[in-house]
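Okay, so here's the structure we're looking at.
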Amino acid sequence: MAEETSRTAFVELQGRIIETTAKLKQVQNQMRGKEGEKKRAYLTLEELRQLPDDTRTYKSIGKMFVLEPKSLLMNEQEQKFKDSETAITSLQTSKEYFEKQMAEVENNLRELLQQDPGLARQIMSMSVG
């Protein structure tokens, strides 16, 4: 009976590891996307700053370009930059949470395998075969 309980706990922990890993990867991908947005906004701002104030600037809307004042475009890029920074900060907090969760689950799994050497041997024989 104890062996069945250990096996059930192992399967549950294994599922939690898979789920947490997937969530962690998702957060990391979102962070990479936001980092890219932040960099594009920064580079666009740098280019806009070099232009004289009376330069005709255009905003891309789908396949069309619309004449917009330089100040408006700069404000939009500054807002995109700030929004990206805020999102990255939030995602970093989520990433740290999932990393802690992952460490906790791994620790629980390690403890389970130390408590039940028979289960550890069974798992090893399954993965080798």
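The values are calculated or read from the model by the stated rules, or taken from the named source; none is laboratory data. None of the values given here were measured: they were computed from a predicted structure. Reconstructed Cβ throughout: ideal geometry from the backbone, glycine too, with neighbour counts over all protein chains shown. Quick note on the areas: whole protein, heavy atoms, side chains included, nothing else; ligands and nucleic acids left out. Shrake-Rupley method; radii C 1.70, N 1.55, O 1.52, S 1.80 Å.
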Inset, instruction - Give the long-range amide H neighbours of residue 57: residues separated by 5 or more places, or on another chain, with amide H under 5 Å away, using H modelled in the peptide plane at 1.01 Å from N. - result: 68, 70
Inset, instruction - Over the chain, with every protein chain in place, what whole percent of the accessible area is carbon and sulfur at 1.4 Å, could you tell me? - result: 55 percent
Legend entry - Cross-link pairs beyond the 28 Å C-alpha cut-off, checked among 38/63; 59/95; 34/63; 23/59: 59/95; 23/59
Inset, instruction - Quickly estimate the mean residue ellipticity at 222 nm for the chain, helices only: each DSSP H run with n ≥ 4 gives -39500 (n - 2.57), and the total goes over all residues, rounded to 500. - result: -30500 deg cm²/dmol
Legend entry - Inter-site label distance for residue 25 and residue 63 at 7 Å from Cα along Cβ, in nm: 3.7 nm
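Report the gain in length on full extension from residue 42 to residue 126: 0.36 nm times residue separation, minus Cα-Cα distance, nm rounded to one decimal.
That pair, residue 42 and residue 126, stretches by 25.0 nm at full extension.
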Inset, instruction - Could you work out how far the C-alpha centroid of region 89-103 sits from that of region 4-27, in angstrom? - result: 16 Å
Legend entry - For region 20-60, accessible area per residue (1.4 Å probe, heavy atoms of protein chains only), Å²: 75 Å²
Legend entry - Estimated inter-spin distance, residue 53 and residue 11, nm [label 7 Å along Cα→Cβ]: 7.1 nm
Inset, instruction - Give the label of the value calculated from the structure for Cα Rg over 2.2 N^0.38 Å, choosing from [x] 1.15; [y] 1.81; [z] 1.01. - result: [y]
Legend entry - Largest-first ordering by accessible area, 1.4 Å probe, given options 32, 49: 32, 49
Inset, instruction - Give the value in nm², to one decimal: projected area of the alpha carbon convex hull of region 90-129, averaged over all directions. - result: 3.4 nm²
